[in-house]
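S.K.: Below you'll find the structure I mean.
The values are calculated or read from the model by the stated rules, or taken from the named source; none is laboratory data. Keep in mind that this is a model prediction, so the values were computed, not measured. FYI the Cβ positions are ideal-geometry reconstructions off the backbone, even for glycines, and counts take in every protein chain you see. Side chains are part of the model used for accessible areas, which takes the heavy atoms of the whole protein and leaves out ligands, DNA and RNA. Shrake-Rupley method; radii C 1.70, N 1.55, O 1.52, S 1.80 Å.
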Amino acid sequence: MEQRIEPARALLGELTVPGDKSVSHRAAILGALAEGTTEIEGFLEGADPRSTLDCLAALGVEWRRPEPGRIVVQGRCGTLVEPSRVLDAGNSGTTARLLLGVLASQPFHAVLTGDASLCRRPMGRVVEPLRRMGARIDGREEGRALPLAVRGGALEAGEHRLAVASAQVKSALLLAGLAAAGPTGVAEPHASRDHTERMLRSFGAQVEEASGPQGHRVQLQGPAALRGRRVVVPGDISSAAFFLAAAAALPGSRLRVRRVGLNPTRTGVLEALSRMGGRIAVERRPDVAGEEWGDVTVEGGALEGVELGGELIPRLIDELPVLCVLACVATGETRIRDAAELRVKESDRIATMAEELGRLGARVEALPDGLVVQGGGALRGATVDAHGDHRVAMALAVAGLLAAGDTRIRGAECVDISYPDFWRQLDGLRR
Ligand code: S3P
């Protein structure tokens, strides 16, 4: 599908964004492993969480959808069923990596695969530590890429140190640790999103964390039995980010996003927008089921370039494509460093953003671990490509709003991965 975007003067109004993708995956998985029923409200109805539900169904998990956005999962007390078909994680890295952690302890054989993009993404970072815990995993490239075959069994608890901060790897190890006797510890150079830790606690597991000069460490005490519960999924700040960014850059905008997740491991984008001169106001609401949330209001105005790196990067990793777009229209230079992880997302987001923003007339230099964007130049509409990457498609849509003339985005249907309603909501807010 090719999507045409006309320039906008402003974004005006209020919106509620769909449920958080990370929290939706975790609620379905923990619900499946728990004892009793887990009722999930605000579940993201996108292709990625659907992949998780589909894999869980193949593993014997019963779930139903009494109405849109509400999923009821019948827990299996930690015991899944050997699947009679290949588990397909589709485009979803979170599905693949978290399920590898779950399958590692299940006493049966399972094969996991994904789409072409997911089959290119690194799995060795999960497979190697799981093997150290005792899991038997084999597959393409010595087990570093999907498809992978897992024969689960007894696991040993232990200590892991991740070379790069990754919530997916950390979560896979904690999920494996549920079945191992003793403490499973995971240390990262910087704290990545902690939805798994929060949800494990709210399902009754014992999880501790500590930050120090060496980074961030979490520890789960296993074996742990989980108790199903009601989970309310906040709006996804990574989805809100496209609207917040566009509104911040379009003078005359005033936009309010309601009930969006404000977990501090995810709010780096609000800090980056403020540092760029964006006018952002946050009203926090009481926590729900261990997650913080609230309303965010942004007003449009002039933006300036910024340096982004270090501990901030894991807290805004998925928002870097849209922040690159803002950097093009901000005054001065923007430098993004320490973000080599962007190269192994749904697309190589450093290469794709440099290439596609270049087509729109921006001056963007790709670095091995980031980008340098020269601001101040005007964007002009052109035909661009989403590279099958939902966040690239939506970031390019924001670029189209800010550009002179029309922009056409090829392959725009990939927004269904995380935000099926994106184009309709955008139409309703643009002026
Ligand atoms: C996610 C973690 C992040 C993020 C991804 C979702 C998660 O990836 O980029 O979109 O749900 O745990 P990494 O854990 O690989 O950094």
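S.K.: If you wrap a convex hull around the Cα atoms of region 279-411, how much volume per residue is inside, in Å³?
M.R.: It is 120 Å³ per residue.
S.K.: So what does the Cα-only Debye profile of the chain read at q = 0.11 Å⁻¹, as log10 I(q)/I(0), no solvent term?
M.R.: Reported log10 I(q)/I(0), two decimals: -0.80.
S.K.: Using the Karplus equation 6.51 cos²θ - 1.76 cosθ + 1.60 (θ = phi - 60°), what ³J(HN,Hα) coupling, rounded to whole Hz, does each residue of region 112-127 give in order, writing x for Gly and Pro?
M.R.: These are the phi-based 3J(HN,Hα) values: 10, 9, x, 6, 4, 5, 5, 5, 8, 8, x, 10, x, 5, 9, 5 Hz.
S.K.: As a test, work out the antiparallel percent of DSSP beta bridges whose residues both lie in region 21-232, rounded to the nearest 5.
M.R.: Within region 21-232, antiparallel bridges account for around 75 percent of the total.
S.K.: Among 274, 22, what's the order by accessible area (1.4 angstrom probe), most exposed first?
M.R.: 274, 22
S.K.: Still on this model: In the P(r) worked out for region 27-80, what percent of Cα pairs fall beyond 15 Å?
M.R.: The proportion of pairs with Cα distances above 15 Å equals 37 percent.
S.K.: Let me ask something else about it. I need the phi-derived Karplus couplings for region 197-210: 6.51 cos²θ - 1.76 cosθ + 1.60, θ = phi - 60°, integer Hz, Gly and Pro marked x.
M.R.: 4, 4, 6, 4, 4, 6, 8, x, 7, 9, 10, 10, 9, 8
S.K.: Indicate the gyration tensor shape class of region 1-59 (rounded, prolate or oblate), computed on the Cα atoms with a ≥ b ≥ c the square roots of the eigenvalues: a/c under 1.5 is rounded; otherwise a/b larger than b/c is prolate and the rest oblate.
M.R.: Because a/c hits 1.5 or more and a/b fails to exceed b/c, region 1-59 counts as oblate.
S.K.: Here's a follow-up. Compute from the Cα atoms of region 345-413 the Rg and the Dmax, the latter being the longest Cα-Cα distance, and quote both in angstrom.
M.R.: Just the Cα atoms of region 345-413 yield Rg and Dmax of 11.2, 32 Å.
S.K.: Would you work out what percent of the accessible area of region 21-232, with all protein chains in place, is carbon or sulfur (probe 1.4 Å)?
M.R.: Details: 3860 of 8010 Å².
Carbon and sulfur together cover 48 percent of it.
S.K.: Relative to the longest principal Cα axis of the chain, at what angle does helix 21-33 sit, 0 to 90 degrees, rounded to 10?
M.R.: 10
S.K.: If you don't mind, another one. When a/c is below 1.5 the answer is rounded, else prolate if a/b is larger than b/c, else oblate, so apply that to region 324-363 with a ≥ b ≥ c taken from the square roots of the Cα gyration tensor eigenvalues.
M.R.: oblate
S.K.: Measure nothing fancy, just the Cα-based angle from helix 237-249's long axis to the longest principal axis of the chain, in degrees from 0 to 90, nearest 10.
M.R.: 10
S.K.: Oh, and also: Return the ratio Rg/(2.2 N^0.38 Å) for region 21-232, where Rg is computed over Cα atoms only. Could you put the intermediate results ahead of the total?
M.R.: On the way: Rg = 15.6 Å, N = 212, 2.2 N^0.38 = 16.8 Å.
Relative to the rule-of-thumb radius for its length, region 21-232 sits at 0.93.
S.K.: With angles folded into 0 to 90 degrees, how steeply does helix 93-103 sit against the dominant principal axis of the chain? Use alpha carbons for both and round to 10.
M.R.: Roughly 10 degrees, rounded to the nearest 10.
S.K.: Please list the radius of gyration and Dmax for region 197-285, considering alpha-carbon atoms only, with Å as the unit.
M.R.: Cα-based Rg and Dmax for region 197-285 come out at 17.3, 55 Å.
S.K.: Also, I was wondering about something else. Size of the dipole of region 21-232 about the Cα centre, Lys and Arg at +1 and Asp and Glu at -1 on the beta carbon, nothing else charged, in debye to 20?
M.R.: The calculation lands at about 100 debye.
S.K.: Extent of region 27-118 along each principal axis, from alpha carbon coordinates, in Å, largest to smallest?
M.R.: Principal extents (largest minus smallest coordinate, Cα): 30, 29, 19 Å.
S.K.: Any idea what diffusion coefficient region 140-292 gets from Stokes-Einstein, in µm²/s, Kirkwood Rh on alpha carbon pairs, 4 °C, 1.567 mPa s?
M.R.: Working: Rh = 17.9 Å.
Calculated translational D: 72 µm²/s.
S.K.: Can you give me the convex hull volume of the Cα atoms of region 263-342, divided per residue and expressed in Å³?
M.R.: It is 89 Å³ per residue.
S.K.: For the chain, what does the accessible surface come to per residue with a 1.4 Å probe? Please give it in Å².
M.R.: Heavy-atom SASA per residue in the chain reads 36 Å².
S.K.: Also: Please report, as a whole percent, how much of the solvent-accessible surface of region 336-431 comes from carbon and sulfur atoms (probe radius 1.4 Å).
M.R.: Answer for region 336-431: carbon and sulfur cover 46 percent of the accessible area.
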